[in-house]
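The values are calculated or read from the model by the stated rules, or taken from the named source; none is laboratory data. For clarity, every value in this text was computed on a predicted model and none was experimentally measured. All Cβ positions, even for glycine, are placed from backbone atoms using ideal geometry, and neighbour counts span all protein chains on display.
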Amino acid sequence: MREHLQEAAEISAAAIDYQWLGRQLYQPMWSRMQQRAIAVADGSAAEIIWTCEHEAVYTTGRRGIDNRLGGELPAPMIATDRGGEMTFHGPGQIMLYPVINLRQRAMGVRDYVHLLEQSCIDLLAGMGIHADRRSGFPGIWLEEGKIAALGVRVTRGVAYHGMALNMDVDAHWFAAIDPCGLGLPAISLASRATPPPAQELADRWNKCFAQLYG
């Protein structure tokens, strides 16, 4: 038992490899996460944290909830295996995609979601922006609306997908949907501060996340 606890502690403290991938199409990136999650579960690959931007796309979660406000969407829509409702991914938005073995880290899904959210809260706090959770609604919020969305998938104890932070997203993309089903707007970091370059912001976010999972 003592050896098992020591092994879990060593895994939790170990640094996870991190890569910034630049601009990515959504479908290949989703497939990449799925394949890596299977490999991590099999023990044939290490955990990884990817950050990127996406080409414009709308995605729905496992429940397939379609929150469009009109007819045709201004970008393609993909049904995915993550949790959460319809949202937009695209230029001006940073994705944090950890592929992490929750089972080996003795971490529950709820604790992991809390950790993801806290990493975003800490990132924004470092820029002088107060953000927080909203009970019953995953993601991160400012007073005027939602700044970061969250949706994860866990298979064989390994989590993938992650979070999306609106850095400087053209408002017309979100105007086509009700991203939370609450009638509240999605807002961008640029409404409160001048954001750094995308890769720099992604690197900062990874550091905030790393300080928590260790």
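A few notes on this one:
- Any chance ALA75 is among the aliphatic types (A, V, I, L, M), free of Cβ contacts under 8 Å to residues at least 24 places away in the same chain and more than 12 Å from TYR160 (Cβ to Cβ): no
- Out of LEU150, LEU142, sole residue that is among the hydrophobic types (A, V, I, L, M, F, W, C) and touching a residue at least 60 places away in the same chain (Cβ under 8 Å): LEU150
- Of the criteria (1) in contact with a helix residue (DSSP H, G or I) (Cβ under 9 Å, 6 or more places away or on another chain); (2) without any contact (Cβ under 8 Å) to a residue 60 or more places away in the chain, which one SER191 fails: (1)
- Whichever residue in region 190-213 is within 20 Å of GLN24 (Cα to Cα) and either touching a Ser or Thr at 6+ places or on another chain (Cβ under 6 Å) or among the polar types (S, T, N, Q) (or both) and, among such residues, is surrounded by the most Cβ atoms within 10 Å (Cβ to Cβ): ALA202
- Candidate set: region 160-186, residues that are over 12 Å from GLY90 (Cβ atoms) and at pLDDT 95 or above; chosen: the one nearest to the chain's Cα centre (by Cα): MET163
- In summary, strands (runs of 3 or more DSSP E) completely within region 58-145 and bearing 3 or more residues that are within 17 Å of the chain's Cα centre (by Cα) occur at 87-89, 93-101, 132-134, 137-142.
- Subset of region 108-139 (residues that are touching a residue at least 40 places away in the same chain (Cβ under 8 Å) and within 14 Å of GLY157 (Cβ to Cβ)): VAL109, TYR112
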